[in-house]
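Working notes, beginning with the structure itself.
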Amino acid sequence: MLNGWRAVSAGESPKRGGLVLGCVAAMLMSIINVVAGCTNFTGGMATPDTKVAPAYRSSVSASVSASIATSSIHESQRQQSLTTKAIRTSCDTLATSSSAAIDKVNVFVKTYNQGHSTGPTEGPAIDALNDSASTVSGALNDAMSSDLRDAFNAYVDAAHGVANAIGTHAPTGEFNKRVDQLNDTKTKALKLCLASF
C-alpha cells in the first residue's frame, strides 16, 4: 500500500483536478466569510463616562506617584550602596597599607631593641610609612564623613611623623610618642570605618 501522491493515468486526471479545485474554492470562501464577518460597524458616538473619568484620573495619578516614590527609593538605595562601597574601599586601603608599614616599623624596633645596627631596616620602614601615608591620602573621597576624613588625615600625619623620627634618629621617648600616635590614629580611623558600614 502506498501512502501519499501517486501517478494517475491521463483519464483520471480531470476528476481529481476538479476535486482539488473544489476543495480550494471551499476553503477560500470560508476564509472570505470569516473576514467579511468581522466588518460590522456599531453606530453612535464615542463619549467618555464622566462619572468614571475622575476615578480613573485619580487612579493613574496615584500609580504615577507610587512609581516615582519607588524609583526614588531605588535610587537612594543605589546611592547608599555606592557610598558604602567607596568608604569600604578606602578603609580596606587604610587597613592594608598601615599593616604593611607597621610590619616594617616592627622590624626596625626589633633590630633596635636587640642592639643591632638599624641602618638596613630604617629605609624600608621609612618608605613603607611614607607609601602608606600617600596611599591613604589618595583614598580620601567625598563619600566619607568629615570625622572619617579627619581620622584618615591624622593617620597620614602620624605616619609621616614616625618616618621622620626614624630618619632623624629621634630620641627613644620621642619615637615611642610618635608610634603611639600612629597606632591611636590608625585604631580610631578603623573604628570609624567599621561604624560607616
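Please treat every number below as a calculation from the coordinates, not as lab data. Just so it is clear, the model here is predicted, and its values are computed rather than measured. Cβ coordinates were reconstructed from backbone atoms using ideal geometry, including for glycine residues, and neighbour counts include every protein chain displayed.
Taking the alpha-carbon centroid of each part, what is the distance from segment 134-168 to segment 63-111 in angstrom? Each part reduced to its Cα centre gives a spacing of 16 Å. To the nearest 0.05, what FRET efficiency results for D150 and S67 with a Förster distance of 35 Å applied to their C-beta separation? Efficiency for this residue pair is about 0.30.
The distance between label points at D142 and D157 comes to 2.6 nm (points 7 Å beyond Cα on the Cα→Cβ vector).
Give the residues of segment 175-191 whose amide nitrogen is closer than 18 Å to a point set 7 Å from the Cα of A95 in the direction of its Cβ. Counting backbone N atoms under 18 Å from the label point, the list is 183-191. Cross-link reach is defined here as a Cα-Cα straight distance under 22 Å, omitting same-chain residues fewer than 8 places apart; for K186 the lysines meeting it are K85, K104, K110, K177.
Each residue in F152, F108 was given a count of other beta-carbon atoms within 10 angstrom of its own, and listing them fewest first yields F108, F152.
A protection proxy built from the mean count of other Cβ atoms within 10 Å ranks the segments 67-75, 189-197, most packed first, as 189-197, 67-75.
Reported value for segment 79-196: 80 Å³ per residue, from the convex hull of its C-alpha atoms.
In this simple spin-label model, placing a label point 7 Å from the Cα along the Cα-to-Cβ direction at both S58 and A86 gives a separation of 4.4 nm. Rounded to the nearest whole Hz, the Karplus-based 3J(HN,Hα) values (6.51 cos²θ - 1.76 cosθ + 1.60, θ = phi - 60°) of segment 67-74 follow the sequence 5, 5, 5, 5, 4, 5, 5, 4, with x at glycine and proline.
Footprinting exposure proxy ranking of K51, K186, fewest other C-beta atoms within 10 angstrom first, gives K51, K186.
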